[in-house]
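Only one structure is covered here, and it is reproduced in the block below.
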Amino acid sequence: MELNKEIFTIDAPAVAARLCEFIRERQAALQRDRLLVPLSGGLDSSTVLLLCARTAGPENVTALLLPERQGNPQACRFTRLVTRKFNIKTISRNISPILARLGTYDFALSILPSRRLKDWAARKYLQSARENPFLQIMLGQPGPFERKAFARYASKQRVRALVTYFFAEELNLLVVGCAHKSEDLLGLFVKFGVDDIADLMPLKNLYRSQILQIAAHLGVPDEIMARTPNPDIIPGVNDKYMDLVGLPYDTLDLLVYGIEHGLEDTDIAYQLNLPTEKVRQIRDLVRRTEHMRRPSQTVSWEW
């Protein structure tokens, strides 16, 4: 098997039509009045929002904006860019008071007065750390500092999930989430967070390389298409693939595709011009994050 970007080429109009059909079928089966999309202003949520608008009409879709005081201030501009262009109504709730009461902001970065200083301090820490902090957390080997930092980051996504379902259940809305395979296999999401929980996850079996094609077909604004995969809630992280895993998304897509399809580490490393040890590290990451893809595990009675 040859690992190159052509393996991700899809018939974007046909795939988008099937995804719309899936959303339509599930909305009817679950008897929800309208669709609700937690919108971050990034590629994935913007693509899901436009799939929903195409499925049910913009008037039957609501974008939920959940800003907080440590988030990227640019995120709001990107969310407005897509909702105004396609005439999609929004609900906005600042979740900072909830996070403050929870203790999310009681951490080292919170004492710094500006977003720029927070970003600088976080980047310096990531660059100077002996071991990659994200990989240490995912592999079950974090220190006390990393555990506290991750707990606070994760709390933001879990509070977002809570607020999302508060509105969904009060208004009888179907929550359509934005998870996809690239993040899923690498553990680049928060277990039980808003990026993990939804009634539907139409992009779940697609790689980011494929979502870009669907986004272009749907007319996602160029500014959003050009954004780096920025989680917007981790200071200092502008590209979650590069900053947290150490490789660009397109290389990781090919690497994980090779793992999924049974290629040996040495073959993947040769084809992608990577150290074999890096491929082994990503394979271990995929294996160690399996529990995140199968939450609330239980005993098997098939003895």
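Given the options GLN157, GLN70, GLN127, GLN141, name the one that is polar (S, T, N, Q), surrounded by 16 or more Cβ atoms within 10 Å (Cβ to Cβ) and at pLDDT below 85.
GLN70
Restricting the first residue to the stretch 276-299 and requiring it to be without any contact (Cβ under 8 Å) to a residue 12 or more places away in the chain, which pairs with a second residue that is among the β-branched types (Val, Ile, Thr) meet a Cβ separation below 7 Å and a spacing of at least six or different chains?
THR276/THR266
Looking at SER40, SER46 in this structure, which one is closer than 22 Å to SER155 by Cα, surrounded by 15 or more Cβ atoms within 10 Å (Cβ to Cβ), small (Gly, Ala, Ser) and touching a helix residue (DSSP H, G or I) at 6+ places or on another chain (Cβ under 8 Å)?
SER40
Across the stretch 218-239, what is the number of residues that are at pLDDT 90 or above and within 21 Å of VAL159 (Cβ to Cβ)?
The total comes to 0.
So which residues in the stretch 247-298 are more than 18 Å from the chain's Cα centre (by Cα), exposed (fewer than 14 other Cβ atoms within 10 Å of the Cβ), outside any helix (DSSP H, G or I) and modelled with pLDDT of 95 or more, if there are any at all?
HIS261, GLY262, GLU264, ASN273, PRO275
Suppose we filter the stretch 36-61 for residues that are touching a Ser or Thr at 6+ places or on another chain (Cβ under 7 Å) and modelled with pLDDT of 95 or more; how many remain?
Total satisfying the criteria: 4.
Let's see how each residue does on (1) more than 23 Å from the chain's Cα centre (by Cα); (2) outside any helix (DSSP H, G or I); (3) hydrophobic (A, V, I, L, M, F, W, C):
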{"residue": "ILE7", "(1), (2), (3)": "no, no, yes"}
{"residue": "ALA16", "(1), (2), (3)": "no, no, yes"}
{"residue": "ALA29", "(1), (2), (3)": "yes, no, yes"}
{"residue": "ARG32", "(1), (2), (3)": "yes, yes, no"}
{"residue": "LEU36", "(1), (2), (3)": "no, yes, yes"}
{"residue": "SER40", "(1), (2), (3)": "no, yes, no"}
{"residue": "SER45", "(1), (2), (3)": "no, no, no"}
{"residue": "LEU51", "(1), (2), (3)": "no, no, yes"}
{"residue": "ARG54", "(1), (2), (3)": "no, no, no"}
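Out of the residues in the stretch 218-227 that are part of a loop (DSSP other than H, G, I, E, B) and touching a helix residue (DSSP H, G or I) at 6+ places or on another chain (Cβ under 8 Å), which is surrounded by the fewest Cβ atoms within 10 Å (Cβ to Cβ)? Break it down stepwise before answering.
From the stretch 218-227, those part of a loop (DSSP other than H, G, I, E, B) are 219-221, 226-227; that's our starting set.
Then keep just the ones that are touching a helix residue (DSSP H, G or I) at 6+ places or on another chain (Cβ under 8 Å); that gives 219-221, 227.
Values: GLY219: 14, VAL220: 23, PRO221: 16, ARG227: 19.
So the residue we want is GLY219.
Yes or no: the stretch 73-91 includes at least one residue that is part of a strand (DSSP E or B), in contact with a helix residue (DSSP H, G or I) (Cβ under 8 Å, 6 or more places away or on another chain) and within 23 Å of PRO13 (Cα to Cα).
no
Kindly list, by first and then second residue, each pair from a residue in the stretch 1-25 that is touching a residue at least 12 places away in the same chain (Cβ under 8 Å) and over 17 Å from LEU49 (Cβ atoms) to a residue that is buried (at least 16 other Cβ atoms within 10 Å of the Cβ) and of a type in the set (S, T, N, Q), limited to pairs with Cβ atoms under 6 Å and residues at least 6 apart or on different chains.
Filtered contacts from the stretch 1-25: LEU3/GLN271; PHE8/SER209; PHE8/GLN210; ILE10/GLN210; ILE10/GLN213.
Looking at the stretch 160-175, I want the residues that are in contact (Cβ under 8 Å) with a residue 40 or more places away in the chain and have a partner that is of a type in the set (Ser, Thr, Tyr) and not in a helix (DSSP H, G or I) with Cβ atoms under 9 Å, at least 6 apart or on another chain. Which pairs are those?
Within 9 Å, the pairs are PHE167/THR62; LEU171/THR62; LEU173/THR62.
Can you say whether ALA215 is modelled with pLDDT of 95 or more, of a type in the set (Gly, Ala, Ser), crowded, with 20+ Cβ neighbours inside 10 Å and more than 28 Å from ARG152 (Cβ to Cβ), as far as the supplied structure shows?
Numbers: modelled with pLDDT of 95 or more: yes; of a type in the set (Gly, Ala, Ser): yes; crowded, with 20+ Cβ neighbours inside 10 Å: yes; more than 28 Å from ARG152 (Cβ to Cβ): yes.
Yes: the conditions hold for ALA215.
Looking at the stretch 144-154, which of the residues that are among the hydrophobic types (A, V, I, L, M, F, W, C) and surrounded by 17 or more Cβ atoms within 10 Å (Cβ to Cβ) is farthest from the chain's Cα centre (by Cα)?
So the residue we want is ALA149.
The values are calculated or read from the model by the stated rules, or taken from the named source; none is laboratory data. Predicted, not measured: the structure shown is a model, and the values here were computed from it. When we count neighbours, we look across all protein chains shown, and the Cβ atoms used for this are built from the backbone with ideal geometry, even at glycine.
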